[in-house]
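The values are calculated or read from the model by the stated rules, or taken from the named source; none is laboratory data. The shown structure was predicted, so the numbers you read here are calculated from the model rather than taken from an experiment. Glycine also receives a Cβ, built like all others from the backbone with ideal geometry; neighbour counts cover every protein chain displayed.
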Amino acid sequence: MLDGFPIAPEALNLRGEEFGNQYNNFNAGKILLFLEGFGGISVSHTDDTFTYADSLPSNWTFMEFRIPVRKGGTTTWVKARTERIQTGNEVTKTATVENNPYRTLRIQPWAETASVTSNGGGTLSDDHVNFEFTDQQMAAVSIGLDYASVGQDLTTWDGSLAAEGLTTQYRNMTACAVPNSATHR
């Protein structure tokens, strides 16, 4: 809110101040790109299917979406979440969908270009491990990944300004923290 009016700024500067167009909800058009890109989220009313095929960046510990979908005149908020826990070169990745109102639920966690050591019963295709459920409102799947096969640690960049050699005095700009594997379980 700015002076009592809702705003959707185009961008924020490093001081956290809005600039650009404030009132035309410029960013709304970008939301679909995030949902389809990072989340791999697609909804088909024709096929009665909800798909969650995440592309969680390797240096993030989790991401979560809450997506409003409308089916049969009712709006439902579907929750889609992916978590990853890394110990050395081993990663356990869990993807969960809750409140699915569709007949078919597809959960397809990204294998992150690593070797899949545990597929949880899914099938590997196009670097995603594919699971399909029928008439389930909630489902969770876990896969195991081995980063030794990648040949580089894709998880070390923390998404911060400091990692890029930049600084700001106005706020902590770290995207995520790399957890201590001994305390993060």
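Taking only the stretch 97-145 into account, find how many residues are aliphatic (A, V, I, L, M) and within 18 Å of His45 (Cβ to Cβ).
Looking only at that region, the number is 2.
Could you list all residues from the stretch 50-75 that are in contact with a Cys (Cβ under 8 Å, 6 or more places away or on another chain) and either outside any loop (DSSP other than H, G, I, E, B) or not β-branched (Val, Ile, Thr) (or both)?
Asn59, Trp60
Do the conditions hold for Phe5, that is, is it among the aromatic types (Phe, Trp, Tyr) and either at pLDDT 70 or above or in contact with a Leu (Cβ under 8 Å, 6 or more places away or on another chain) (or both)?
For Phe5, the condition - among the aromatic types (Phe, Trp, Tyr) and either at pLDDT 70 or above or in contact with a Leu (Cβ under 8 Å, 6 or more places away or on another chain) (or both) - is not met.
This table checks each residue for (1) hydroxyl-bearing (Ser, Thr, Tyr); (2) modelled with pLDDT of 75 or more.
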| site | (1), (2) |
| --- | --- |
| Asn13 | no, yes |
| Asn21 | no, no |
| Lys30 | no, no |
| Phe38 | no, yes |
| Val43 | no, yes |
| Asp48 | no, yes |
| Thr51 | yes, yes |
| Thr61 | yes, yes |
| Trp77 | no, yes |
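Can you say whether Thr113 is part of a loop (DSSP other than H, G, I, E, B) and under 20 Å from Gly37 (Cα atoms), as far as the supplied structure shows?
yes
Since Leu33 meets every condition but one in (1) out of contact with any Leu (no Cβ under 9 Å at 6 or more places or on another chain); (2) under 30 Å from Ala11 (Cα atoms); (3) buried (at least 17 other Cβ atoms within 10 Å of the Cβ); (4) among the aliphatic types (A, V, I, L, M), which condition does it not meet?
(3)
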